[in-house]
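To start, the structure under review is shown below, and the notes come after it.
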Amino acid sequence: MAENRSRPLLRTHIRGSYLAVMSKLKMIPEETRDAPMNKSRAICGILSLIVCLAAAPGLAQDTPVYGDAQEMAYEGYLRQVLQTPLTVNFKETPLSDVLAHVEKQLGLQMVVDYRALEELGITTDSEVSFECEKLAARDVLELILEGNDLSWVNKQVLFITTKEKADTHVVVRIYPVADIVTITNGDKGTTWLDYDSLSEVIQTTIAPSTWEEVGGPGSIAALPGSGAIVFNQTREVHEQVEWLLRSLRDARDAQGLPVYDFRLALKQDRLRTLEFEQASQVQLQALQQAAPRGPVVVEPWQLPRSHE
């Protein structure tokens with residue numbers, strides 16, 4: 001399924017889920033959509049998805065995340081449904097039958113990437129023996145899939161593919177982190193934005209082998225003017241990033257540490273940048289005036305250092 005990168009970036013909560021459901025509702029023929037019973041069912045579906053999204057861990061408002069509205073609305077719905085406890089008892093059951101059973105129990109649409117499975121010699125005829133009682137559907141599904149070198153990704157259906165292919169399926173997320181990266185020096189009264197420390201913590205503690213610096217598919221970049229960090233990563237890594245950011249905020253609040261003003265840090269950061277550029281220009285002019293003739297070669301150590 002091709003990704004549509006022209007969709008707007010919206011805050012992931014009720015508005016995103018409402019737009020996602022309404023867009024699909026508009027695809028229904030008008031005469032069917034306007035029937036009283038179908039209208040009632042559609043409204044119930046919209047309200048159900050809104051509630052699911054609002055309650056989904058990691059996508060709740062205490063961990064703000066921005067991204068493709070429809071894709072993230074379905075992600076929130078998936079997370080909620082996959083919390084459903086399941087009791088299963090599979091004994092040498094074909095994988096296809098196992099998936100069909102779970103799909104029916106959860107009411108989810110699952111699509112199998114048969115081409116990717118065939119490339120690795122995996123078939124849905126593989127027998128599965130698995131037993132559990134009241135285990136979250138997410139854990140049931142992932143344990144069964146991992147046993148067959150499979151995983152799943154969100155393509156607005158639960159798309160089952162090989163672990164290798166799932167590890168290359170990356171999506172963009174934008175995380176506001178101004179309250180985490182704003183640092184202040186009380187003695188000097190200076191405030192600045194420390195994106196580097198947060199980026200280092202994330203890349204060294206969460207799936208270290210998946211980042212582009214070591215040859216992985218994931219990337220991370222800061223947007224200083226917006227107080228946000230942009231990730232292009234897999235579903236699993238995004239979930240861990242959301243957990244980490246939420247935990248950092250909880251740890252800060254538990255210690256009673258203040259939340260500093262991001263706008264002040266941004267203003268001071270711009271002033272330091274301007275001062276550095278002006279100082280560099282003055283230094284360069286002085287060196288040019290002192291030179292007897294010809295162009296001046298300025299070594300990096302001859303220019304003033306930027307604020308660290």
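Values in this text are rule-based calculations from the coordinates and carry no lab data. Remember, it's a predicted structure, so these values are computed and weren't measured experimentally. Please note: Cβ atoms are built from the backbone with ideal geometry, for glycine as well, and neighbour counts cover all protein chains shown.
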**Net lengthening on full extension, E200/A221 (0.36 nm per residue, minus Cα-Cα)** = 6.4 nm
**Message:** As an exercise, use a Förster radius of 25 Å and the Cβ-Cβ distance of T87 and Y114 to find the FRET efficiency, rounded to the nearest 0.05.
**Reply:** 0.30
**Item:** Ranking of H169, H238, H101 by count of other Cβ atoms within 10 Å, fewest first
**Value:** H101, H169, H238
**Fill in**
Expected sort for R249, R79, R115 with the fewest Cβ neighbours (10 Å cutoff) up front is R115, R249, R79
**Item:** Largest-first principal axis extents, alpha carbons of the range 171-262, Å
**Value:** 42, 26, 19
**Three principal axis lengths of the range 82-166 [C-alpha, angstrom, descending]** = 34, 29, 18
**Message:** Cut-off is 10 Å between beta-carbons; in what order do T161, T204 appear when sorted fewest neighbours first?
**Reply:** T204, T161
